[in-house]
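Note sheet for the following structure.
The values are calculated or read from the model by the stated rules, or taken from the named source; none is laboratory data. Quick caveat, the model's predicted, so the values are computed rather than measured. Counting neighbours? That spans all protein chains shown, and the Cβs are built from the backbone with ideal geometry, glycine included. These area figures cover heavy atoms from the full protein model, side chains too; ligands, DNA and RNA do not enter into them. Shrake-Rupley method; radii C 1.70, N 1.55, O 1.52, S 1.80 Å.
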Amino acid sequence: MKNFDVVVIGGGPGGYVAAIRCAQLGLNTACIESWLNDENEPVLGGTCLNVGCIPSKALLDSSHHYSFIKHEAKNHGINAPSVSMDVHRMIERKKNIVQTLTQGIAGLFKKNKIEWLKGHGRFVSAYQIEVQPAGDESGESYQVTAKHIIIATGSVPMSIPPAQVDNELVVDSTGALAFTDVPRRLGVIGAGVIGLELGSVWNRLGSEVVILEAMDEFLAPVDRQLANEAEKLLKKQGLDIRLGSKVTGTGCNNREVTITYENDEGKQQVVVDKLIVAVGRKPNTQGLGANEVGITMDERGFIQADEHCRTNLENVFAIGDVVRGPMLAHKASEEGVAVAERIAGKAGHLNYDAIPWVIYTWPEIAWVGKTEHELKAEGADYRVGNFPMAASGRARAMGETDGMVKMISDSKTDRILGVHILGPNASELISEAVLAMEFDGSSEDIARTIHAHPTLAEAVHEASLAVDKRSIHF
Ligand code: FAD
Ligand code: NAD
């Protein structure tokens, strides 16, 4: 039986990064991964690379270019009178990007001498895992042992009884990344991150998109000021977002889906050609055998882990979507690095207060730290600096004047408590704020930092100046 220092179960951004860091630290490492792609080939990369972050951003970029050519190019003096969309080509491009990146991870495993065990892992004991070869239920299983085990089994889409996914007319996020043509009418259940991102993709390509959201508030985790502004902008783009709308049933014939939902005005119906169910994700521990060896789970099915990602079994750690905290690829990866370092006897560190969030609509929405409503509820004493994108020279030159930067800092110490950005490339701009918060920075630190001109980053600079009411351009 093969014996390793570390066995990682799951090869997504949590697991593969943990495995690479373990190997870099001289630990003899294996990673068990069961994913098979559409061609039935074993692949690494998990949800993020195969059906999550990367393919969704590929489609967001393609659809953004199409929308730009159709609606914005003329403002730049570019005439493109006949534009058409080749959905097949767009999906092929996405597939190629995914393939290149997943093969890249396999290459990194080889380079770092990580053994990739292609199969499904199941705990036999705290130190022993059984591997069932991927896609081969009747194939012979084998066992491996490890001094340390890292669970990185990720998450899967949640389902709701009124809208059963059939992968024909009613799809989850994976199905919505693989439509073969643009649905004329598209329904989405859930105005969360996936609903807005994938709803945007198909809306830009011409679908009439209706998004049904059970909550009365739009994007509850986002700072109210930005969420309200984002809601207006997305509605203007054509997303028909219906808040306070609880789906109670769906009925399919072989061409269309009738969705029944309830709102303040009573029972409503809407008919669509495709329906995306995007109501959240749940931890994936199916067939893992974690319960059987005594690993504690919480009431929602997450593996219970402390702030160092330790489970109740001394040698078993858990990271990423399968444990508490935001379901984000970068959170999973950083937990992977921290755990590998702890196993190697180093002081792995992860600052849960400085994890950035991004929603890749256009404009993008990005934030780190606390929102103003959270701070208000805590009774915190804070100052706010706002700067509108419309006052940024670079944003004007780009023709991207929607949105703003909002910085919040402590009134007494000036320590930055939260930064919220709605605007072009907010996903990139937020990194400056994350770095500042990681170093316990103040708004004055950013205000005293020289920002290149003309850049969008100057809007972050101006928001930091605005905290002290000394913004130059607004
Ligand atoms: P996963 O990526 O889910 O990987 C877990 C892996 O474990 C899988 O490959 C699975 O096959 C394997 N596995 C499970 N059980 C076993 C077992 N018993 N044996 C062997 N292998 C097993 N996050 C962002 O930060 N930015 C984004 O832009 C973003 N976009 C997203 C878009 C979509 C459409 C979706 C669905 C998600 C998106 N996410 C995004 C979330 C992100 O994908 C997850 O947070 C991230 O993948 C979690 O990483 P993980 O390693 O914990 O789990
Ligand atoms: P989500 O939690 O962001 O949104 C789900 C939405 O569905 C919520 O607003 C919820 O109120 C609504 N909802 C739930 N049940 C409903 C019902 N019966 N009827 C109507 N609405 C209902 O979840 P998601 O969009 O599925 O995404 C899952 C997770 O994946 C995210 O939380 C995030 O962690 C991750 N993700 C991240 C990114 C990114 O970082 N850009 C992109 C995609 C996904």
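Brief remarks follow.
- Restricting region 428-457 to residues that are outside any helix (DSSP H, G or I) and of a type in the set (A, V, I, L, M, F, W, C), the residue that is least open to solvent (accessible area, probe 1.4 Å): Leu456
- Candidates Glu292, Glu307: the one that is among the charged types (D, E, K, R), part of a helix (DSSP H, G or I) and open to solvent by 40 Å² or more (accessible area, probe 1.4 Å) is Glu292.
- Filter pass, Phe68 being modelled with pLDDT of 95 or more, open to solvent by 20 Å² or more (accessible area, probe 1.4 Å), among the aromatic types (Phe, Trp, Tyr) and more than 11 Å from ligand 1 (Cβ to nearest atom): yes
- Check on Val384, touching a residue at least 40 places away in the same chain (Cβ under 8 Å) and within 15 Å of ligand 2 (Cβ to nearest atom): no
- Ala58 closer than 15 Å to Arg204 by Cα and within 16 Å of ligand 2 (Cβ to nearest atom): yes
- Residue among Glu33, Glu39 that alone is under 21 Å from Lys110 (Cβ atoms), within 8 Å of ligand 1 (Cβ to nearest atom) and charged (D, E, K, R): Glu33
- Selection over region 270-289 of residues that are within 16 Å of ligand 2 (Cβ to nearest atom), among the small types (Gly, Ala, Ser) and either open to solvent by 20 Å² or more (accessible area, probe 1.4 Å) or not in a loop (DSSP other than H, G, I, E, B) (or both) gives a count of 1.
- The condition (being modelled with pLDDT of 95 or more, open to solvent by 20 Å² or more (accessible area, probe 1.4 Å) and over 20 Å from the mean Cα position of the chain (by Cα)) is satisfied by just one residue among Leu243, Leu205, Leu239, Leu233: Leu243.
- Residue match in region 16-33 (condition: at pLDDT 95 or above, among the hydroxyl-bearing types (Ser, Thr, Tyr) and not in a loop (DSSP other than H, G, I, E, B)): yes
- Filter result for Val460 (open to solvent by less than 10 Å² (accessible area, probe 1.4 Å), in a helix (DSSP H, G or I) and modelled with pLDDT of 95 or more): yes
- Asp402 part of a loop (DSSP other than H, G, I, E, B), of a type in the set (Asp, Glu), surrounded by fewer than 21 Cβ atoms within 10 Å (Cβ to Cβ) and at negative phi: yes
- Only residues that are open to solvent by less than 20 Å² (accessible area, probe 1.4 Å), in contact with an Asp or Glu (Cβ under 9 Å, 6 or more places away or on another chain) and either among the basic types (Lys, Arg) or under 24 Å from Leu429 (Cα atoms) (or both) were counted in region 321-354, giving 3.
- Taking the criterion of being more than 14 Å from ligand 1 (Cβ to nearest atom) and either under 25 Å from His120 (Cβ atoms) or surrounded by 22 or more Cβ atoms within 10 Å (Cβ to Cβ) (or both), the residues of region 167-181 that qualify are Asn167, Val170.
- Of residues in region 326-341 being assigned to a helix (DSSP H, G or I) and touching a strand residue (DSSP E or B) at 6+ places or on another chain (Cβ under 8 Å), the one nearest to ligand 1 (Cβ to nearest atom): Gly336
- Residue match in region 104-125 (condition: on the phi > 0 side of the Ramachandran plot and either open to solvent by 60 Å² or more (accessible area, probe 1.4 Å) or hydrophobic (A, V, I, L, M, F, W, C) (or both)): yes
- Against the test of being within 15 Å of ligand 2 (Cβ to nearest atom), closer than 29 Å to Arg342 by Cα and buried (at least 21 other Cβ atoms within 10 Å of the Cβ), the options Gly45, Gly12 yield a single qualifying residue, Gly12.
- Matching residues, region 46-64, being small (Gly, Ala, Ser) and more than 6 Å from ligand 1 (Cβ to nearest atom): Ala58, Ser62, Ser63
- Ile365 of a type in the set (A, V, I, L, M, F, W, C) and more than 18 Å from His473 (Cβ to Cβ): yes
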